[in-house]
Structure formats: structure tokens, C-alpha cells
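Structure, as C-alpha cells:
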Amino acid sequence: MNSIANPENRHLRASLARRKKSTQKKAKTSRKKRLPTRPQIRRAILSILRNNAHKAYRPKELAKLLDLRDYEAYQRFWEVLSELEHQHLVARVKGGRYTYERRPYRVEGILRVHPQGYGFVEIEGQEDEDIYISEAHMGTALDGDRVLVGLAAPARGDRRREGEVLKVLERRRTQTVGTFHPRGAYAFVVPDDPRLTRDIYVPREAFNGARAGDKVVVSIDRFDDPKASPEGRVLEVLGPASDPRVQVLALALSKDVRTGFPEAALKEAERIPDTIPEREYRRRLDLRDREVFTIDPSDAKDFDDALHLRRLPNGHIEVGVHIADVSYYVRPGSALDEEAYQRGTSVYLVDRVIPMLPEKLSNQVCSLRPGEDKLTYSVLMELTPSARVVRYQIRETVIHSRQRFTYEEAQAIIDGTDHPLAEPVRLAHELAQKLRRARMEAGAIDFDLPEVKVELDEAGNPIRIYRKERLAAHQLIEEFMLLANRLVAETIGKRAEAPPFVYRIHDRPDAEKIRQLAQYVRVFGYHLELTEDGTVSSKALNELLQHVKGTPEEPVIEEAALRAMAKARYSTQNIGHYGLAFDFYTHFTSPIRRYPDLMVHRLLKQYLKKAEKAPTVDADELEARCRHCSERERAAEEAERDSVRFKQVQYMQQHVGERFRGVVSSVTNFGVFVELEDVLAEGLVHVRDMGDDYYEYDERRYTLRGMYSGKRYRPGDVVEVVVVRADPATRQIDLRFVEPSTDGEAPTPRRRRRRRKRAQAPGAGR
């Protein structure tokens, strides 16, 4: 199971294929352009028709505009065009022409409910054109349901689409978590998830021992009347809502995070032997003589990646990225595999880890613990001193880790502390910095958003919140993992006829969001250069982020830029990774905690076999698995973020009435959001509590301005606030500005007129 790929000879396979053709034809034929993917063609067609809604195009005209001259590309174009017509996204009119003018009257999509009651239906392939659903038109649909929507006719000149839920096609949420409130012969469970705006009715016979104030898991068994509450039964009593650990667990369960493992999966895990069979030692490349080490957080137990480096006689450096071979232990179709797939990922909550695999595997058998032989899947590279990859191979291996470093310990070695493995660690650091510089020069985007660490006491109460320090040791691991992931993706993706594979893709940002970002940064005096098609190159975006480094507005501009980005996801259709500036990228390096990595390992083993014909892979099924994993990743991120936010608010409860320094993170017509510097928690100063003046919102300048005083609040302003209240249940923090001392005299009407006149004078308040 050996694949050697030289980047300098990456077109070898394509050249061999062309050699079969006649010499005459070969001389006349130039190297074919890479075929555009179906999603790329889809977006391009919709963009042309949407931007020229008054026109109708012949298919040949569209193909010419898309520069599709290759027969295979033209066939793919016709397939996509037919699909769009079937979905009522384009219309065929007189003369066989196509237009975007006719809107579909019924569409399918996923409902996303806002805590205030209204929602939006997301249509696959039209992420920038959600359909607005009012609360009155929600019917019996719940957040996450797949629904059929009837579209209302838009007002003249209004492009906003509104609709009504006609039918729930698939109930995605069959249970939720909430607080139990008995009412005699029945009870209501108030969901923790604010997107579930209906309480769940529970009859007495379905209480299951729940008492008032308990956190419970409740089913959603019936909901067929929009005028009544959904009905369900208590499935599990988690414990008192006041228990901090129960509160965090409830947050995870509200995102459908699976906690306990099925008995079948646990039994399978227990049957896995702790020792490695002798045949695996014979079959694999034995690298136990290499000085392998791991670098992980101090509290980590699931070590799924390791490194080794050594200098070669020719002056180059051998680098081994060794990844736990989970696919050897978790076989397709097993109970372990099914449970791992359903989870999709490990979930790292503020007070615990909910693993994708049972502890026997994640922390013991698969974990690359020091002093133990382990089965691994390795990317073995030869790099020049300038960090250029000369050659690489992907092999099934066996390793023996010499040392487990924490990030802090590795950083101390980088800074000069002596250690027997100091040379490979420092060499790894030097190469990583060169790899990083090369990525930045190629256009990778460098988001350096702060991470929050919450320190808890034994009872689970927050006692300290601080900003995680990002070390050079973090970058060391990051760069080598990025490199391994890229090379793995290139190994399959650059084949002449690439088979179905799992890619980690990141699309270019939406043009409208980038236009808004450019307008936003202009308020701060920055210029974001846009491309001809209205979007932005990764290099231009990175230049902006470098310009704002060290300024008060840095965090708000970074956050705004991040919101403008598309969401990275898994797909079989490779479109590259915009943020990393990679044409090919995947996830290979964390199979203990990410199911897509496990899929990649299996596909690699299948495709890299020397056998002439490997079993075929169902591309549609693989794509469906990619979508599922992307959804589970999103849910895990939400659970992790909510658990941290919950502890931040809980911590601020202890500091009500105290002053904090902060930075205005955003401004709305209803108030000013402020991020507190010390705890990185965001709170709101409501406009109704700003009693020193009457404030007006300037949407164009993202500013609240006092009508009489001319006082302004805008993103990036450094302010001082007082904590008024903190509510963990709603995860909201209310703040009040610390006002400068005054004589307490209220402005007279005459004084108000003078102030207003000054405020309206040219140049006032700049």
C-alpha cells in the first residue's frame, strides 16, 4: 500500500495517457484545462441569469460565456442546466432559451428558526437566497426540519422572497432538552434551545420521575396542530437545573450531541486487543527506530498525530507525519463505525470531552502514547532546508513514540531549554515557519481570533477566564498537519481520472457580503480592493488583516471578515480551499475525533492498492456522508461555543455592579454590543438605558449618535461599562456605560436647541 508522488512530476499519469494517442494528434493537442465542477457550473449559470434577469439565453450562448469548449464540460453543463430547470430555478421559454425571471412557486429546504419566532428556509445551492418565513406561516415545522414551502408573490421591485410552510417533509428533531414544569395532571418542558419556540406538553403518565426544576430529555412525538403545543414524554432526567455540570450537558444534548455509547459499540471496543498482531509488524513499514514525538494540549489524552524529523546525507530533511490508524480497528458497517458516523466528531465542551469513539479506542488503543508501539498511517516527506517538498510517500507504518510534549514544553525547547529531542523540535519549528511564510505569500488568510479558556472549580463553577496564548509550538503542529492534508488530497485529486474522494472545501465569499465588508472597513479608513467579479482575492483580504494588526478596531474587522466568509465543509466536489489558498485539501490527520478523516484513510487504502481494479465507490452515497459530517461539525461547534458562553455569563454573575474595560464590537438600532477585554464576553448596552441623550442610528456609518451631545459610538471604540445583570439561562449580559461626572443639571429646552444646532453643523462629531 505504497504511493510515491513527486510534485515536480505530477502530470506523469496524464502524459502516459496521452502517449497512447497518435503522434500527429498528440502534436496538435495542447494540455486540457481542468474540467469545472458541477457546483462551479451551477453557480456560474445562476449568476449570469440572475444578473441579467431581463434576458433569455440560448444554451450555446451560456456555454460560450462560461468558456466551456470541451465536450465533457459541455455535457456536464447540460446536466446541470436540466437539473436547474427541474428544480424550477431557471425557466425554458420560447425559442429554447433560458431565463431566471420565473420564480418557483414551491421549493424544498431546511428551516432555521430565529429565537424571536420567524425563520428562514435554506435551499441547497442557493445559500445566498434564503426564504423568509413569518411565525404565523411556520405551521407545525420546527427548527432543522426539511419542509415544502409555498412562495408568496414579492412586491414590485422587492427581491426578498417570502413563503409559507406547506408541509413538513422530514422531522429532523425528535427530542430536545429543557426544564420540567409540572402543572398537576400535565407538565410543560421549556426547551433550552431558543430556536425551539414551542413548549412541549407532557401528560402525567409520561413524567418518568421528573420533578419541578429538573433538566430533562423530552421526546417530540406529535405535532400536527399549529394552535397546540407539541406532545412528548420524558426520556431521561438529567438532574437539577441548578447543577453546573447538568447545565453544560443539557447544552450539548440540545444540539443532538450523543453522549452514552450503545452497548453493542462498547462490547466491540472491549473485544479489540491491546497488542499488535505479529503479521502487522511484518506487513507495515517499521519506523520504531525514529525519534517520534507528540505535541498536544496539557489535558489531552487522544493523541492522534505524531512527528519525526532527521537530517539526510544529502542535506535534506526527512519528515514523518504519523496518524493513528483508526481504520484498522473500526471496520465499515460495524456498531463502532455506525456510532462514530452518527456522532461525526468529538465534542470539546468547557468541562468535558464527548468522544467520537469509546475511551478504550480514543484514549488507549489508538492514542499515540509514549513508550508504546502503535499502528499508524504516515506521510513520509523529503524536504529541502527551504521547506520545499522534493518527494513523499504514504505508507501504513508502526511507530514507537519517544516523548509526549505539551505545547508549553515544546515552546520552552524552541526558546532554548535543553532536551534530548531539542534538535528535531527546533528543526520542526524552523521548517514550520518557512511553510507558514510560503502559505501567506500564496494568499492564505491569517485569522488570529482569540480563544477563551475557562478554569472551573471541582463543582464546575467558573473561577477564572483568560485568553489562550497562541505559541509558535501551535504553529509547528498546524503547518505539518496542513502539509500532510494537502499532499494526501493531491495524491488522489491530481490523478488523470480522479475517483470519488472526500475533500475539505472552502468556497470564495459571496460578492454581496464582500461588498458590505468593503463598505464597513471604509468607515475605519481602510480600503479593500475587489476583483472584477465583485469578490476579493485571499491576498487582498490578508493584506487588510495585516493592516489592522495592533489597532483598536482589529477584533471587530477580523470578526466582520470572518462573517463574510463561506463556511468550510466536506464534499466530493473539489473546488479548492479559499482560506488556505490550496487547490487540493482534505482532513486526514485526526481520525480519532473526526469521521471524515476515517473515511479518507479507508479511501486511500482502497485507491493506493496495487491491484489493477479496486472496488467502485458510490459518489452519491459518499457526498451524502460528507453532508452529514458537515452538519454534525456545525452542531458540535455550536455546542462548544454555547458551553463557553454559558460559563462566561455565569462568571459575570459574580461581578454585577463592577466596572470593565471593553471594545465596541457592533452597533445596532437597539443598542451597543461591547466585548469585555478581560473575559472576552460580549454584553449589550441597550439604547433604552442610554439616558444621557436621544440616540439615532446611522446605518451607513454603523454608528449611534446623540442628537444633542453629538456623542458617537461605533465599532472599535474603547469604552468603560458596568455589569448590570447576567442571565445564564438566556446567556445574555446587560451592561451600562460609565458616564463622566456632571453637575446633574438637566439640559433646558434652549440648551437642547443649541446642542442640536452644534451637532448638525458641518464637521461636527468627526
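The values are calculated or read from the model by the stated rules, or taken from the named source; none is laboratory data. Computed from a prediction, not measured in an experiment: that's the story for all the values here. Quick reminder, even Gly has a Cβ in these numbers, built from the backbone with ideal geometry, and neighbours come from all protein chains shown.
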Legend entry - All positions within segment 708-730 that are in contact (Cβ under 8 Å) with a residue 12 or more places away in the chain and assigned to a loop (DSSP other than H, G, I, E, B): 708, 709, 710, 711, 714, 715, 716, 717, 728, 730
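State yes or no: is residue 695 without any contact (Cβ under 8 Å) to a residue 40 or more places away in the chain and either within 21 Å of residue 561 (Cα to Cα) or more than 32 Å from the chain's Cα centre (by Cα) (or both)?
On the way: without any contact (Cβ under 8 Å) to a residue 40 or more places away in the chain: yes; either within 21 Å of residue 561 (Cα to Cα) or more than 32 Å from the chain's Cα centre (by Cα) (or both): yes.
Considered against the rule, which asks whether it is without any contact (Cβ under 8 Å) to a residue 40 or more places away in the chain and either within 21 Å of residue 561 (Cα to Cα) or more than 32 Å from the chain's Cα centre (by Cα) (or both), residue 695 comes out as yes.
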Inset, instruction - Can you work out which of the residues in segment 266-315 that are within 19 Å of residue 367 (Cβ to Cβ) and small (Gly, Ala, Ser) is farthest from the chain's Cα centre (by Cα)? - result: 269
Inset, instruction - Give segment 514-534 a look and list any residue that's surrounded by fewer than 18 Cβ atoms within 10 Å (Cβ to Cβ) and either closer than 21 Å to residue 569 by Cα or in the same structural domain as residue 665 (by TED's automatic domain parsing) (or both), or say none. - result: none
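Select from segment 308-327 the residues that are of a type in the set (S, T, N, Q) and touching a Phe, Trp or Tyr at 6+ places or on another chain (Cβ under 9 Å) and list them in ascending order.
327
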Inset, instruction - Check whether at least one residue in segment 555-570 is in contact with a Ser or Thr (Cβ under 7 Å, 6 or more places away or on another chain), touching a residue at least 40 places away in the same chain (Cβ under 8 Å) and of a type in the set (A, V, I, L, M), and report yes or no. - result: yes
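Quick one: is residue 351 acidic (Asp, Glu) and assigned to a loop (DSSP other than H, G, I, E, B)?
Values: acidic (Asp, Glu): yes; assigned to a loop (DSSP other than H, G, I, E, B): yes.
Judged against the criteria, residue 351 is a match.
Select, from 252, 264, the only residue that is among the small types (Gly, Ala, Ser) and either surrounded by 15 or more Cβ atoms within 10 Å (Cβ to Cβ) or closer than 30 Å to residue 478 by Cα (or both).
Checking each option against the conditions leaves just 252.
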Legend entry - Residues located in segment 49-95, provided they are crowded, with 18+ Cβ neighbours inside 10 Å and not in a loop (DSSP other than H, G, I, E, B): 49, 57, 62, 63, 73, 76, 77, 80, 81, 84
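Regarding segment 592-614, can at least one residue be identified that is touching a Gly at 6+ places or on another chain (Cβ under 9 Å) and under 20 Å from residue 495 (Cα atoms)? If you could, list the steps in order and put the result at the bottom.
Within segment 592-614, the first condition is being touching a Gly at 6+ places or on another chain (Cβ under 9 Å), and the residues that meet it are 594-596.
From what is left, the residues that are under 20 Å from residue 495 (Cα atoms) are none.
No, segment 592-614 contains no residue that is touching a Gly at 6+ places or on another chain (Cβ under 9 Å) and under 20 Å from residue 495 (Cα atoms).
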Legend entry - Residue identified as in a helix (DSSP H, G or I), over 30 Å from residue 410 (Cα atoms) and in contact with a strand residue (DSSP E or B) (Cβ under 7 Å, 6 or more places away or on another chain) among 556, 488, 521: 556
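Can you name every residue in segment 194-223 that is among the acidic types (Asp, Glu) and either at positive phi or touching a Pro at 6+ places or on another chain (Cβ under 9 Å) (or both)?
Quick first cut of segment 194-223, residues among the acidic types (Asp, Glu) only: 199, 205, 214, 221.
Across segment 194-223, the qualifying residues are 199, 214, 221.
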Legend entry - Residue among 300, 306 that alone is closer than 23 Å to residue 587 by Cβ, small (Gly, Ala, Ser) and touching a residue at least 12 places away in the same chain (Cβ under 8 Å): 306
Legend entry - Subset of segment 160-197 that is aliphatic (A, V, I, L, M) and without any contact (Cβ under 8 Å) to a residue 60 or more places away in the chain - its residue that is farthest from residue 116 (Cα to Cα): 185
Inset, instruction - Read through the list (1) over 14 Å from residue 484 (Cα atoms); (2) surrounded by fewer than 15 Cβ atoms within 10 Å (Cβ to Cβ); (3) modelled with pLDDT of 95 or more, then give the number of the only condition that residue 388 fails. - result: (1)
Inset, instruction - Scan 313, 370 and give me the residue that is in a loop (DSSP other than H, G, I, E, B), in contact with a Lys or Arg (Cβ under 7 Å, 6 or more places away or on another chain) and over 27 Å from residue 628 (Cβ atoms). - result: 370
Inset, instruction - Of all residues in segment 391-418, count the ones that are surrounded by 21 or more Cβ atoms within 10 Å (Cβ to Cβ), of a type in the set (S, T, N, Q) and either more than 26 Å from residue 472 (Cα to Cα) or not assigned by TED's automatic domain parsing to the domain that holds residue 328 (or both). - result: 1
Inset, instruction - Give segment 541-586 a look and list any residue that's under 20 Å from residue 449 (Cα atoms) and of a type in the set (S, T, N, Q), or say none. - result: 542, 546, 551
Legend entry - So residue 298, is it hydroxyl-bearing (Ser, Thr, Tyr), outside any strand (DSSP E or B) and at pLDDT below 95: yes
Inset, instruction - Select from segment 304-356 the residues that are buried (at least 19 other Cβ atoms within 10 Å of the Cβ) and basic (Lys, Arg) and list them in ascending order. - result: 343
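Report yes if residue 40 is more than 30 Å from the chain's Cα centre (by Cα) and either under 28 Å from residue 167 (Cα atoms) or modelled with pLDDT of 75 or more (or both), otherwise no.
On the way: more than 30 Å from the chain's Cα centre (by Cα): no; either under 28 Å from residue 167 (Cα atoms) or modelled with pLDDT of 75 or more (or both): yes.
Taking the combined requirement at face value, the residue does not satisfy it.
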Inset, instruction - Taking residue 515 as meeting all but one of (1) under 26 Å from residue 597 (Cα atoms); (2) assigned to a helix (DSSP H, G or I); (3) of a type outside the set (Gly, Ala, Ser); (4) at pLDDT below 90, write down the number of the exception. - result: (1)
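Kindly indicate which of 547, 628, 601 is surrounded by fewer than 19 Cβ atoms within 10 Å (Cβ to Cβ), within 23 Å of the chain's Cα centre (by Cα), touching a residue at least 12 places away in the same chain (Cβ under 8 Å) and more than 24 Å from residue 36 (Cα to Cα).
Details: 547 fails: within 23 Å of the chain's Cα centre (by Cα); 601 fails: surrounded by fewer than 19 Cβ atoms within 10 Å (Cβ to Cβ).
Just a single option satisfies the conditions, and that option is 628.
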Inset, instruction - Considering each of 693, 678 in turn, give the residue that is at pLDDT below 95, of a type in the set (Asp, Glu), in contact with a strand residue (DSSP E or B) (Cβ under 6 Å, 6 or more places away or on another chain) and not in a strand (DSSP E or B). - result: 693
Inset, instruction - Would you point out the residue of segment 343-366, among those that are of a type in the set (S, T, N, Q) and over 18 Å from the mean Cα position of the chain (by Cα), that is farthest from residue 247 (Cα to Cα)? - result: 364
